[in-house]
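Throughout, read-outs are computed from the coordinates displayed, never taken from laboratory work. The shown structure was predicted, so the numbers you read here are calculated from the model rather than taken from an experiment. Quick reminder, even Gly has a Cβ in these numbers, built from the backbone with ideal geometry, and neighbours come from all protein chains shown.
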Amino acid sequence: MNDTDRAIVIERLKQGCSADAIHAEVGDVSVGEIAAIAESEGLTQAHRKAGTSQIPDVDPQLARALGALAWGENSHTARIRNLAARIRAGLNELEQLHRDAAAIEKEEREVAEAAQPLTKAQAKLRRLKNGGKSTKQTASASGQSLDAKRQRDQIRAWARPQGMAVSQVGSIPKDVMDAWNNRDGKAAVPAQTG
């Protein structure tokens, strides 16, 4: 930044112009540099009377860093200019990532808001298909039926080596159920043929 641009920035800050407006007028000066100048010149809201400046309060460490960056970009030493350029590129990348994240977050909110009526309609359709029962009720019933099927499979797997006749599907005979319930020696397992 040259001395002319700095003078313009200071004059616009004194007039109460926003950092964005100044940046639009003096394109070579970033909003961060404007904030650093405002801090160093005592033109932030903290330095002015309430409500007269649109420049946000700047962390003094940030103001010093931005001032150093502006100085580095205008240094006569190539190494310092290169370092400042890398820092500026990193800041630009960080700004872009921040904008991208904000855009993604905004779109996710919009998608969630748009999906809400669909989710409600799907739940209503499920209730209608399940005869008015909620999905929790049907999930509970299906969970119980799955548990019952598993238990029947266990009984069948246990009964066959015991020599009991049991079919692959359908109900399990009462005598097999009694034997299963008494399998721990509480009652004798009835002998079956075939």
Inter-label distance, nm, simple model (7 Å from Cα along the C-beta direction), GLU95/ILE80
2.3
Förster radius 25 Å - calculated FRET efficiency between GLN168 and LEU146 (Cβ-Cβ, nearest 0.05):
0.90
